[in-house]
Amino acid sequence: MGFEGDEESAANQVPTKSRFRYNSPLVQITLIGLVCFCCPGMFNALSGMGGGGQVNPTAANNANTALYTTFAIFGVLGGGIYNILGPRLTLAAGCSTYVLYAGSFLYYNHKQHQSFAIVAGAVLGIGAGFLWAGEGAIMTSYPPPHRKGTYISLFWSIFNMGGVIGGLIPFILNYNRSEAASVNDGTYIGFMCFMTAGTLLSLAILPPSKVVRDDGTRCTNIKYSKVSTEAVEIGKLFFNWKMLLIAPAAWASNFFYSYQFNNVNGALFNLRTRGLNNVFYWGAQMAGSVGIGYILDFSFQSRRKRGFVGIGIVAALGTAIWAGGLAKQVGYKHNDLPPKLDFKDSGSDFAGPFVLYFSYGLLDAMFQSMVYWVIGALADDFEILSRYVGFYKGVQSAGAAVAWQVDAHKVPLLSQLIVNWSLTTVSYPLLAILVMLAVKDDHEGEEPSINPASMDNNSKPV
């Protein structure tokens with residue numbers, strides 16, 4: 001979507017009276033949060049059970065590899081596609097693929113054929129690329145620049161409530177099946193109902209030209225972009241030094257899921273306890289996103305200083321949590337797993353691993369919210385941010401595709417933990433360099449659109 005003019009000055013606008021207007025950033029961020037609550041939120045709950053709720057994680061690992069392989073491609077392309085098609089069509093198409101994926105595991109529950117799950121995973125990767133590129137553009141460009149951390153935490157909290165509710169579904173439906181290996185049909189049907197609702201809700205999202213902030217400014221005046229323009233701009237991302245500094249954090253940000261879901265939650269706990277754990281894992285994400293969002297928006301007047309402090313806090317907390325994971329991991333291997341823990345029957349043995357898994361969820365939200373905030377601080381241009389987020393999701397998904405195959409090939413668990421810890425650790429100084437060089441304390445540091453459609457007769461690219 002090309003811009004017909006620079007963002008309108010707040011000085012020339014009449015402040016609005018209510019932030020609960022349908023066309024306000026608050027309501028639109030809430031809506032995209034609810035869409036993700038229903039679709040990727042439920043997907044996260046399904047994945048978080050380990051093996052997609054099955055006793056044998058092979059089908060889920062292969063489906064996730066197919067998913068993240070296509071996601072890596074369409075995540076990068078998603079920003080350009082979103083700029084061409086607009087929010088409603090792109091988001092609805094993406095959301096519908098989640099229903100197919102959950103249905104494939106309902107089929108697997110009866111036929112034990114993984115081909116359908118793998119194909120559904122590949123299709124979901126395409127849809128997820130559409131959904132997440134659009135979500136990221138909305139989340140980073142609709143809010144006012146000085147409150148992006150707050151809106152990111154709002155979105156993250158609503159989105160992860162999906163994981164909380166999604167964790168309750170298998171917990172309740174399988175509560176009396178403490179020895180069960182695979183979840184029942186009702187669990188998958190419940191997920192499918194939520195995902196269908198999310199698909200319908202995505203049609204309520206407004207395009208950026210119709211969103212008005214509280215100070216009266218609009219996100220942008222737009223007209224649809226062209227395929228040729230988007231192809232060129234997406235290609236440039238791979239040579240953009242800002243994106244190259246973000247790439248390690250993007251690669252790391254989903255790489256640890258296969259380890260945490262399959263080899264912590266899936267390996268250490270029985271079925272009903274895994275569902276309960278997911279309630280707290282995704283609940284921890286809500287708390288983590290709110291905490292880091294407050295720090296990134298309110299801790300200091302200087303936006304750059306807030307970025308440094310946020311990165312430092314996440315780095316320190318991450319080091320402590322992964323160290324705790326190492327202490328637990330040295331006690332078991334793939335071929336030497338401890339007895340499954342149950343939240344009712346295992347007593348004090350349950351507490352330590354539960355707190356560790358809860359902490360992993362806390363760190364995940366803080367890490368990803370921090371990266372989104374950094375991306376949002378690089379520009380205030382919807383078109384640019386949609387491409388930046390698409391690049392982030394593409395690299396993130398490429399890392400996840402590798403990670404799921406790492407687990408499928410039974411790489412030693414200790415090695416998986418060390419790689420995850422190392423990847424996140426490397427990303428912190430690179431993000432700090434990016435904040436130092438590219439994040440400014442005023443609007444002068446934000447990138448303008450370079451699409452010719454974004455300039456009027458008197459404007460020139462900076």
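Figures for the structure shown
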quantity	calculated
Accessible heavy-atom area order of SER422, SER346, SER104, highest first, probe of 1.4 Å	SER422, SER346, SER104
Calculated [θ] (222 nm, deg cm²/dmol) that DSSP helices of n ≥ 4 give over the chain, each run adding -39,500 (n - 2.57)	-23000 deg cm²/dmol
Correct choice for Kirkwood radius over Cα pairs in Å that was computed from the model, options (i) 23.9; (ii) 25.1; (iii) 22.1	(iii)
Estimated vicinal HN-Hα couplings, Hz - segment 312-320 in sequence order (Karplus 6.51, -1.76, 1.60; Gly, Pro = x)	x, 5, 5, 5, 5, 5, x, 4, 5
Percent RCO, i.e. relative contact order, over the chain, from Cα pairs under 8 Å lying at least 6 residues apart	29 percent
For MET161, solvent-accessible area (1.4 Å; no DNA, RNA or ligand), Å²	70 Å²
Most to least accessible of ARG88, ARG387 (protein chains only, probe 1.4 Å)	ARG88, ARG387
Solvent exposure, largest accessible area first (probe 1.4 Å, DNA, RNA and ligands not counted), of THR199, THR150	THR150, THR199
Segment 227-385 - percent relative contact order, Cα under 8 Å, separation 6 or more	36 percent
HN-Hα J in Hz across segment 346-355 - Karplus 6.51, -1.76, 1.60, θ = phi - 60°, x for Gly and Pro	9, x, 5, 5, 6, 5, x, x, 5, 4
Helix 148-173 axis, angle to the chain major axis (alpha carbon atoms, nearest 10°)	30 degrees
Out-of-range pairs (alpha-carbon distance over 27 Å; input LYS340/LYS410; LYS148/LYS305; LYS242/LYS328; LYS236/LYS440; LYS148/LYS328; LYS242/LYS305)	LYS242/LYS328; LYS148/LYS328
Nearest-10 value in Å² for the accessible area of LEU317, using the 1.4 Å probe	50 Å²
1.4 Å probe accessible area per residue over the chain, in Å²	37 Å²
Heavy atoms of PHE171: accessible area, 1.4 Å probe, square angstrom to 10	30 Å²
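The values are calculated or read from the model by the stated rules, or taken from the named source; none is laboratory data. Note that this is a predicted model, so its numbers are computed, not measured. Heads up: the accessible areas ignore ligands, DNA and RNA and are worked out on the full protein's heavy atoms, side chains in. Shrake-Rupley method; radii C 1.70, N 1.55, O 1.52, S 1.80 Å.
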